[in-house]
Amino acid sequence: MENFGMPLRIGVISDTHGLVRPEIYEAFRSVDHILHAGDVGADEILAELADIALLSAVRGNIDTTPECAALPLSTTVRLGGAEIFLHHGHVDDLATMSATTDIVVVGHSHRPRIEIIDGILHVNPGSAGPRRFHFPTTVAIITLCGRARTAEIIEFSRE
């Protein structure tokens with residue numbers, strides 16, 4: 001999917017652990033594509049997210065239900081002229097596996113993070129599922145427009 005000067009918005013989510021919060025529908029209202037970085041937690045989550053926008057997803061370490069277990073461990077998605085490496089993020093050689101892409105999306109840690117490492121945008125949307133640890137509940141939005149690539153974290157209520 002090329003964007004030819006029109007902004008392309010990508011919803012990024014991870015660690016839903018079987019829950020699609022109502023806030024996600026609003027956060028992803030105007031996205032063109034959704035990337036799920038694993039720990040989906042239930043097959044119906046894939047269908048719910050696919051009803052919002054086109055969906056690409058990978059398997060996380062808790063994904064054992066039939067549809068979730070059939071997801072790839074990693075994938076590369078080309079959107080808006082950018083090559084995006086999608087993985088749950090629980091492997092030590094992730095940097096080597098993703099070194100040739102424009103954007104790296106991972107989950108697993110439940111810690112939201114956006115940073116540029118060696119010219120590559122790295123996004124961890126944090127966890128959108130049931131609140132765990134002391135981390136906020138979050139998703140991310142990546143916006144692609146031509147060669148410009150930006151990302152933002154959207155935090156939901158801390159309750």
Among Phe135, Phe85, Phe28, residue whose mean-square fluctuation peaks in a GNM of the chain (springs only between Cα atoms under 10 Å): Phe135
Glu115 paired with Thr75, simple spin-label distance in nm, labels 7 Å along Cα-to-beta-carbon: 2.8 nm
Descending principal axes extents, the chain, alpha-carbon based, whole Å: 35, 34, 30
Residue among Leu19, Gly41, Val123 farthest towards the positive dipole end of the chain, charges placed on Cβ: Val123
Dipole magnitude (debye, nearest 20) for region 1-68, charges at Cβ of Lys, Arg, Asp, Glu: 200 debye
Computed FRET value (nearest 0.05) for Arg132 with Glu152, which takes r as the C-beta separation and R₀ as 22 Å: 0.45
Highest average packing first - 36-43, 76-83, 145-152, 124-131, Cβ atoms within 10 Å: 36-43, 124-131, 76-83, 145-152
Antiparallel %, DSSP beta bridges [both residues in the chain], to 5: 60 percent
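Quick note: the coordinates plus some simple rules give every number you see, no bench work behind them. If you're wondering where the values come from, they're calculated on a predicted model, not measured in any experiment. We place every Cβ from the backbone using ideal geometry, glycine too, and count neighbours over all the protein chains shown.
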